[in-house]
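The structure under discussion appears below in the form of structure tokens.
The values are calculated or read from the model by the stated rules, or taken from the named source; none is laboratory data. Since the model is a prediction, treat every value here as computed from it, not as a measurement. When we count neighbours, we look across all protein chains shown, and the Cβ atoms used for this are built from the backbone with ideal geometry, even at glycine. Just the protein is used for accessible areas: all its heavy atoms, side chains included, with ligands, DNA and RNA removed. Shrake-Rupley method; radii C 1.70, N 1.55, O 1.52, S 1.80 Å.
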Amino acid sequence: MIDIEKIKIIANQIVDIYRAKLDEKNINASGKLRDTVETIVEIRGNKIVISLNLQDYWEYVENGRPPGGYPPPPNIANWIKIKPVIPDARSGKIPSDRQLVYLISRKIATQGYEGRFPLKATLEDPKMNNIIQDIKNEIVAQINQYLLGEQKI
């Protein structure tokens, strides 16, 4: 059997690149997206599949959000606490947390927001070619060991 742990060690470099892209783009409200990303390596039939396990909201960070519909208020409230968002006093009043959630939600609903594309930047990073080649080399080495009778696959 192919030793996917050896492949995972190489593939974990993708996580390092993704984290660096998040840092470069200053995407770090809570740090949860950065801190919880992990590599998954699986054998599916005759394929080795490498994927990243990301927080549910990664798509919004990656692709943004078009105008239309309000985001869930609890998510915005949590983001305000984590970030933290400091409102300015327009017309002499500072909005309450509840009002701030509404104002931010309304802006997102009417204007949407731009994606930041950290995953795309990761996949386009020049280091990815080396990682892919290292994974190929590891697979070939494991197959050669099996063919030479040094290891059981």
- [ ] Could you list all residues from region 60-97 that are open to solvent by less than 50 Å² (accessible area, probe 1.4 Å), over 20 Å from the mean Cα position of the chain (by Cα) and hydrophobic (A, V, I, L, M, F, W, C)?
- [x] A77, I80, V85
Task: Test: L100 is open to solvent by less than 70 Å² (accessible area, probe 1.4 Å) and either charged (D, E, K, R) or closer than 23 Å to I27 by Cβ (or both) - done: yes
Open item on the list: If E62 meets every condition in (1) out of contact with any Leu (no Cβ under 7 Å at 6 or more places or on another chain); (2) of a type in the set (D, E, K, R); (3) assigned to a helix (DSSP H, G or I) apart from one, which number is that one?
Closed with: (1)
TODO: Could you tell me which residue of region 105-128 is most open to solvent (accessible area, probe 1.4 Å), considering only residues that are under 19 Å from the mean Cα position of the chain (by Cα) and more than 21 Å from L33 (Cα to Cα)?
DONE: K127
- [ ] Could you run through region 28-40 and say how many residues are surrounded by fewer than 16 Cβ atoms within 10 Å (Cβ to Cβ) and in contact with a helix residue (DSSP H, G or I) (Cβ under 9 Å, 6 or more places away or on another chain)?
- [x] 7
TODO: Give me the pairs, please: first residue somewhere in region 25-38 and touching a residue at least 60 places away in the same chain (Cβ under 8 Å), second residue anywhere and open to solvent by 60 Å² or more (accessible area, probe 1.4 Å) and not acidic (D, E), beta-carbon distance under 6 Å, and either six or more positions apart or on two chains.
DONE: K25/R116; I27/R116
